[in-house]
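This report refers to the structure that appears directly beneath it.
The values are calculated or read from the model by the stated rules, or taken from the named source; none is laboratory data. Since the structure is predicted, the reported quantities are computational estimates derived from the model, not experimental observations. Glycine also receives a Cβ, built like all others from the backbone with ideal geometry; neighbour counts cover every protein chain displayed. These area figures cover heavy atoms from the full protein model, side chains too; ligands, DNA and RNA do not enter into them. Shrake-Rupley method; radii C 1.70, N 1.55, O 1.52, S 1.80 Å.
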Amino acid sequence: LRGGQIALLIVVVALLTALGAGVGYGMTHVLEKQYAARAEILYPIAQESPTGFLREDRNLTTQVVLLRSRAVIAPVAADAGLTPEELGDRVGATVIDGSEVLRVEVRDPDETAALDLTRGLVRRYMDVASERAGRDREYLSAQLALVQRRLGRVAPGSSAEEQLAARRGALLERLDELALAGPPARLVAAPYPVGEPVSPRPLLAGAAGGLCGLLIGAGAAALLGRRWARR
């Protein structure tokens, strides 16, 4: 290729890259802005075990699922005049790396609405988590009472008595853990607005558009270069 042709190809690539960046950046001014509100909730894992990492991951993942479950979302959605599906699409929940803290985020075109929805979601989650913990205590207490009754019927010193005594000890230990742990979930960061719109992001969209333009420009330049080289 001659020097002029190479320069022309460079211009084509540059123009398409600039065009892509401009289109990507310009689209952000057309799309509806989304604001976010967040909250952080501590869900402590009280029990220690040799499989702690797996157990903690499972328990915390369960809480993330609970945060986005219909039991939590449906009442909040009804109060806001939304369907559970509409609110569910706006809700995100994650576990902050290396911690027992859950972060919940709600997005909405209105910043105030996003904050109100986050507050409602957190309140509902705390209520549901407390109800579940209460049911766990009731179940453990019922199991303890059952073991106590069975202990009164077995022969002293028998293997059945040893097994029931071990079961009683485990139940008492678990009940003590629940009592010491306190509330199953605690709010460590009250719902707060993120501030700037979380989407669309002009710089990110411009960069993505520029990258697409660069790829298209490179492809076009390659095709033109081959044609000119064959002549």
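Solvent exposure of the stretch 75-115 amounts to 51 Å² per residue of accessible area, where only protein heavy atoms count and the probe is 1.4 Å.
Just round it to a whole percent: the fraction of Cα-Cα distances in the chain exceeding 28 Å. Taking all Cα-Cα pairs of the chain, the fraction more than 28 Å apart is 58 percent. Residue order by solvent-accessible surface for D127, D89 is D89, D127, largest first, with ligands and nucleic acids left out and a 1.4 Å probe. Remark: the A160-V11 segment gains 44.9 nm on full extension, using 0.36 nm per residue and subtracting the alpha carbon distance. Placing +1 on the Cβ of every Lys and Arg and -1 on the Cβ of every Asp and Glu, with nothing else charged, gives the stretch 104-231 a dipole about its Cα centre of roughly 880 debye. The calculated FRET efficiency for the pair L204 and R227, based on their C-beta separation and a Förster distance of 35 Å, comes to about 0.50.
The gain in end-to-end length when the V188 to E86 segment is fully stretched comes to 34.0 nm, 0.36 nm per residue minus the alpha carbon separation.
Can you give the local net charge around A39? Use residues other than it whose beta-carbon is closer than 13 angstrom to its beta-carbon, Lys and Arg +1, Asp and Glu -1. Mind showing how you got there, number by number?
On the way: positive: R38, R103, R119, R123, R124, R186; negative: E40, E105, D116.
Charge balance in the 13 Å sphere: +3.
Would you mind classifying the stretch 137-178 by shape? Square roots of the alpha carbon gyration tensor eigenvalues, ordered a ≥ b ≥ c; an a/c under 1.5 is rounded, otherwise it is prolate if a/b is larger than b/c and oblate if not. Note, shape of the stretch 137-178 comes out oblate. Name the shape class, rounded, prolate or oblate, that the alpha-carbon gyration tensor gives for the stretch 98-220, where a ≥ b ≥ c are the square roots of its eigenvalues, rounded holds for a/c under 1.5, and otherwise prolate holds if a/b is larger than b/c and oblate otherwise. Prolate.
Mean Kyte-Doolittle of at least 1.6 and a Cα length of 30 Å or more along the axis: which whole DSSP H helices of the chain meet both? Helices meeting the span and hydropathy rule in the chain are 3-27.
Under the rule of -39500 (n - 2.57) per DSSP H run of 4 or more residues, summed and divided by the residues of the chain, what mean residue ellipticity at 222 nm is obtained, to the nearest 500 deg cm²/dmol? Don't jump to the answer; show the numbers that get you there.
On the way: 7 runs with 150 residues, N = 231.
The per-residue figure over the chain is -22500 deg cm²/dmol.
Keeping all protein chains in position, work out how much accessible area T94 exposes to a 1.4 Å probe, and write it in Å² to the nearest 10. Counting only protein heavy atoms, T94 exposes about 80 Å² to solvent.
Set the Förster distance to 30 Å, then compute FRET efficiency between R132 and M27 from the Cβ-Cβ distance, nearest 0.05.
Working: r = 44 Å, r/R0 = 1.47.
So, using R0 = 30 Å, E works out to roughly 0.10.
With contacts defined as alpha carbon pairs under 8 Å and 6 or more residues apart, what's the relative contact order of the stretch 84-134 in percent?
Numbers: 30 pairs, mean separation 11.0, N = 51.
Once divided by the residue count of the stretch 84-134, the mean separation gives 22 percent.
For V13, the accessible area of its heavy atoms, probed at 1.4 Å with every protein chain present, is near 30 square angstrom. Under a model in which nothing but the beta-carbon of Lys, Arg (+1) and Asp, Glu (-1) is charged, the chain shows a dipole of about 1100 debye around its Cα centre. Considering every alpha-carbon pair of the stretch 60-151, the percent of pairs per 10 Å bin, from zero through the bin containing the longest distance, is 15, 39, 24, 13, 7, 2, 0.
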